[in-house]
Amino acid sequence: MSFRNPDQLGLVLDVCQSFAVDNGAFSVHTRGIPFDLPGFYSWIEPHLAHPHWAVVPDVIDGTVEQQRAMVATWPHRKEYGAPVWHLGLPLEYLFDLCNDWPRVCIGSSGEYATVGTTAWWGQMARAMRVLCDDEGRPLCKLHGLRMLNPEIFSRLPLSSADSTNVAQNVGKDKNWRGTYQPPTKEARAAVMRERIESINAPAQWGFIVPE
């Protein structure tokens, strides 16, 4: 769930065994609104407990120095947060994060903004060389931002991933054709959820880049 829509917290607490909180910084950035960092930290504090965690705020399109400074503002225990490494940032920064934090989020930005392209997979392969040991086992837990496409997460050793795919597509009638189309949006969501949950991410990176 996102800090951008805090009214959804009650529902999430009622139905979810575990959840992650997105800080919503990108959403306010695109609208030219200052991000309420103290407000975010104060709001999530009562809800951070195993297995719940939150995405540590980052500086949108910021330098490594700006990212390090923002990560340093995290006021809670590290197991309750996950900093973001964007594919456009140096691999050295990724190495530092995966050695300092138990969980790291991987985001797509810059020339690697589109998930699944040839360039994206090339940079992801380089990142996996940093993130994994010689057996392909991750040095920390990995969370894939916008990576709930089975064609993506089935090839990467992710502990978790997120996407707005279900929310974006349950209302698009043109995507649901045929004799056995689900009759409601809830049924459509169930079909998409089942497709995602029927496939697991591998425990190890296979050192294979899709063509």
Filtering chymotrypsin sites (Phe, Trp or Tyr not before Pro) in segment 92-158 by DSSP loop and by at most 14 other Cβ atoms within 10 Å leaves none
Looking only at aspartates and glutamates whose Cα falls under 15 Å of residue 141's and that sit 8 or more positions away or on another chain, we get 79, 96, 100, 133, 162
Expected field for residue 205, accessible surface area in Å² at 1.4 Å probe radius, rounded to 10, holds 10
Semi-axes of segment 120-211 from the Cα gyration tensor (sqrt of 5 times each eigenvalue, largest first, whole Å) come to 32, 12, 11
In segment 140-211, the trypsin sites (Lys or Arg not before Pro) that sit in a DSSP loop and have at most 12 other Cβ atoms within 10 Å of their own Cβ are 172, 177
With bins of 10 Å, the percent of all Cα-Cα pairs of segment 90-154 per bin from 0 is 20, 57, 23
Residue-normalised value, i.e. accessible area per residue, for segment 21-90 at 1.4 Å probe, in Å², stands at 50
In debye to the nearest 20, the charge dipole size for segment 1-148, taken about the Cα centre with +1 at each Lys and Arg Cβ and -1 at each Asp and Glu Cβ, equals 160
In Å², rounded to a whole number, the accessible area per residue of segment 91-187 with probe 1.4 Å is 54
DSSP beta bridges in the chain: the antiparallel percent, rounded to 5, is 5
Any aspartates and glutamates whose Cα falls less than 12 Å from that of residue 185, other than same-chain ones fewer than 8 residues away, would be 173
Ordering 143, 50, 86 by the accessible surface of their heavy atoms, 1.4 Å probe, largest first, yields 50, 86, 143
Expressed in angstrom and rounded, the centroid-to-centroid distance over alpha carbons for segment 1-43 and segment 107-159 is 24
Summing -39500 (n - 2.57) over every DSSP H run of at least 4 in the chain, dividing by its residue total and rounding to the nearest 500, the 222 nm mean residue ellipticity is -9500 deg cm²/dmol
So the carbon and sulfur contribution to the accessible area of segment 1-53, 1.4 Å probe, in percent, is 55
For segment 63-105, the Cα-Cα pair-distance distribution in 5 Å bins from 0, as whole percents, is 5, 24, 37, 25, 8, 1
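The values are calculated or read from the model by the stated rules, or taken from the named source; none is laboratory data. In this text the structure is predicted, and so the values were computed from the model without any measurement. Here Cβ is always computed from backbone atoms with ideal geometry, including for glycine, and neighbour counts include all displayed protein chains. Calculation scope for accessible area: heavy atoms of the full protein, side chains included, ligands and nucleic acids excluded. Shrake-Rupley method; radii C 1.70, N 1.55, O 1.52, S 1.80 Å.
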